[in-house]
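Worksheet for the structure shown next.
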Amino acid sequence: MAKRSKHPKKATITETRLAIMMAPLMRAGLILIIAATASYVSQLTMGPVYGDIPSSLYHNKISMGIFLATWVLKRPLRQVLPPQFSKYLPIIALHTPLLVRYLARFSAQLGPVYGPIVTEGVTFYPVLVLSVLAVASITEFDHAIFDTVPASISWAVFQVTRDVIPGLAQNHIGTSWILTRCGLWNMVGALYALVSPSLLLFTVIPAMYTSGYTNTMCVLTPALNDTLARYNHSIIARQESITGYVSILDNFEQGYRVMRCGHSLLGGEWQHAPKGLDTAGRIYKEPIYAIFVTMEAVRLITPPPENPKPKALAIGLGIGTSIDALIRHGIEVDIVELDPVVYKYAKDYFGLSPNHTSYLEDAVGFVRRESSKNIEQKKYDYILHDVFTGGAVPAKLFTLEIFRGLKTLLADDGVIAINWAGDLKLQAARSIIETVRLVFHNCRTFREEMLTEEDLKKDYDVTNMVIFCTNSRRPYTFRRAVSQDYLGSYARRQFLYPKFEINLDEYWAKTGRDGGKQQLEFEILQDSNIFKLDTWQQISAVGHWSVIRTVVPDKVWENY
């Protein structure tokens, strides 16, 4: 009988040894991936209470500091912590929704800067410390110099994973409970439980039950509206989606309805007439924000576009105030909206007319695709560009390249209206406006309210404005509105015609430093430097948080 070869046995032994050696490294890698996921989920969780930008102000810096400090202090930390410290990772993660829900009630006292730091100091940062310490215990060389290698690799794995996850997850947020903020924290906890199993997991059963059945941050229960009723509000609908937490809020004392997205309001309507205003017999509900009505003034431009059947393109929907008005005036409208829930709610709760074409996609991709067509390129007589939310704008929609694409899509005698809100005395404002003025002609800017001498003297000047521009160099005016333009609306009678024009060149000359001798600096925004706008907007986003808290009570923002 022939002897069997011994080589397969040697190979099996080698493979087994290799597997034994690799198992701890694979565990370390998995812990880093879970920690990076927890970082992303933590930022999602902060959004409805503090806004996306304020929540992220110090997140990366603190995370990097924790990474470095944990590696440096790993020995004293291990002496202080229990021997199997990693078994607490799933426990903290699974309790996080409960902790966040509790800490949200202190957001007004903590504010938009310290609130996220304190909240993550109780939730995510302990998770990160234990995760990094667990990885260090697996991969360390026990030598200060040599340990820089696994420490650097660990940080790289964490950071790369953290950068990749938003792109993979964003379009799926809200499609199921597990892909909500609470569901993702439960998933993080379950993954940590796989790599660090423990009998202590029995202690998280109450927390998991709370997340699934009673935590109003996780599930819509009657208790939430009972709480909101004390502040004259109720939630009609809500859903987590790709741009944030979206909900419909009714104020039953003053009689208006708004759409909330994260820590911002996308628009609203009066459900019944405000006190002192009779709207009997009117067909359409009144908008509560004047600036959206002013954008409809593209129809008042004289001379108007020559197309007898004008077409309009809307970049950003909100509740659809301006867009719906254009549709009711017989204009063919294409809507580009990233968030399908915003689009659904605009139809279901604000009566957006169905007579339009919708593109539920990223406006950047839409503009690049449509503007690059050589044949069958659609031309628009009106373009409405309104994407402001949360104290900031999506920077990628304010680049030279995007505006040039919109210029290509705009008819030769067409008009574009761009809504922007912020501090006119900041570099972000001037950079956006100068980028717009470089592409289009005859740009005229109108504020929501009149400019005063006090505005000129103050260090800040926060306002909402509409910039009207044309493709041609032909000068234009605004015709006086007639009865049909108002659609029976009191708000349109008051705010449709643009009133408070501002000469920006004179404004910046007067408000520049050193008595106007040193004017506000700016940069033309392009794809290559648009990251700067994100940085500049951090200041305005923090300011917006405080402003928006005066519109809706703190307890309504906190109980979502």
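The values are calculated or read from the model by the stated rules, or taken from the named source; none is laboratory data. These numbers come from a predicted model, not from an experiment. Using ideal geometry, Cβ is built from the backbone for each residue, glycine included, and neighbour counts are taken over all protein chains shown. Just so you know, the surface numbers come from the protein's heavy atoms only, side chains and all, with ligands and any DNA or RNA stripped out. Shrake-Rupley method; radii C 1.70, N 1.55, O 1.52, S 1.80 Å.
On the given criteria, is VAL195 in contact with a helix residue (DSSP H, G or I) (Cβ under 6 Å, 6 or more places away or on another chain), farther than 23 Å from HIS59 by Cα and either among the aromatic types (Phe, Trp, Tyr) or open to solvent by less than 50 Å² (accessible area, probe 1.4 Å) (or both)? In short, yes.
If the condition is being surrounded by fewer than 24 Cβ atoms within 10 Å (Cβ to Cβ) and closer than 20 Å to ILE62 by Cα, then segment 108-122 contributes LEU110, GLY111, VAL113, TYR114, GLY115, ILE117, VAL118, GLY121, VAL122. Inside segment 16-43, residues that are at pLDDT 90 or above and open to solvent by 30 Å² or more (accessible area, probe 1.4 Å) make up a count of 4. From the residues in segment 243-266 that are in a loop (DSSP other than H, G, I, E, B) and on the phi < 0 side of the Ramachandran plot, which one is surrounded by the fewest Cβ atoms within 10 Å (Cβ to Cβ)? Within segment 243-266, the match that is surrounded by the fewest Cβ atoms within 10 Å (Cβ to Cβ) is GLU253. Exactly one residue out of PRO83, PRO90 is out of contact with any helix residue (DSSP H, G or I) (no Cβ under 9 Å at 6 or more places or on another chain) and not aliphatic (A, V, I, L, M): that is PRO83. Quick check on segment 520-537. Is at least one of its residues touching a Gly at 6+ places or on another chain (Cβ under 9 Å), more than 26 Å from MET295 (Cβ to Cβ) and modelled with pLDDT under 95? No: segment 520-537 contains no residue that is touching a Gly at 6+ places or on another chain (Cβ under 9 Å), more than 26 Å from MET295 (Cβ to Cβ) and modelled with pLDDT under 95. From the list THR203, THR175, the lone residue that is over 30 Å from SER489 (Cβ atoms), in contact (Cβ under 8 Å) with a residue 12 or more places away in the chain and open to solvent by 10 Å² or more (accessible area, probe 1.4 Å) is THR203. Scanning segment 161-183 for residues that are of a type in the set (Lys, Arg) and at pLDDT 95 or above returns a single hit, ARG162. In segment 538-554, what count of residues is obtained for those that are open to solvent by 70 Å² or more (accessible area, probe 1.4 Å) and modelled with pLDDT of 90 or more? Residues meeting the conditions: 1.
Residue by residue through segment 324-371, note down the ones that are of a type in the set (A, V, I, L, M), in contact with a strand residue (DSSP E or B) (Cβ under 8 Å, 6 or more places away or on another chain), within 28 Å of GLN484 (Cβ to Cβ) and surrounded by 22 or more Cβ atoms within 10 Å (Cβ to Cβ). Across segment 324-371, the qualifying residues are LEU326, VAL333, ILE335, VAL336, ALA346.
Only one entry in ALA421, ALA395, ALA411, ALA481 is of a type in the set (A, V, I, L, M), surrounded by fewer than 22 Cβ atoms within 10 Å (Cβ to Cβ) and at pLDDT below 90, namely ALA421. Annotation note: Cβ proximity below 6 Å between a residue of segment 321-341 that is under 11 Å from PRO310 (Cα atoms) and modelled with pLDDT of 95 or more and a residue that is open to solvent by less than 10 Å² (accessible area, probe 1.4 Å) and part of a strand (DSSP E or B) (sequence gap 6+ or interchain) occurs for LEU326/ALA312; LEU326/VAL333; ILE327/VAL333; ILE331/ALA312; VAL333/ALA312. Among the residues of segment 289-321, those that are of a type outside the set (Ser, Thr, Tyr), over 17 Å from THR470 (Cα atoms) and open to solvent by less than 30 Å² (accessible area, probe 1.4 Å) comprise ALA290, ILE291, VAL293, GLY316, LEU317, GLY318, ILE319, GLY320. I need a count of the residues in segment 207-242 that are farther than 19 Å from TYR102 by Cβ, assigned to a loop (DSSP other than H, G, I, E, B) and more than 25 Å from the chain's Cα centre (by Cα). Of the residues in segment 207-242, 1 are farther than 19 Å from TYR102 by Cβ, assigned to a loop (DSSP other than H, G, I, E, B) and more than 25 Å from the chain's Cα centre (by Cα). Residues that are within 22 Å of LEU384 (Cβ to Cβ), among the charged types (D, E, K, R) and either modelled with pLDDT of 90 or more or open to solvent by 60 Å² or more (accessible area, probe 1.4 Å) (or both) within segment 267-288 comprise GLU269, LYS285, listed in sequence order.
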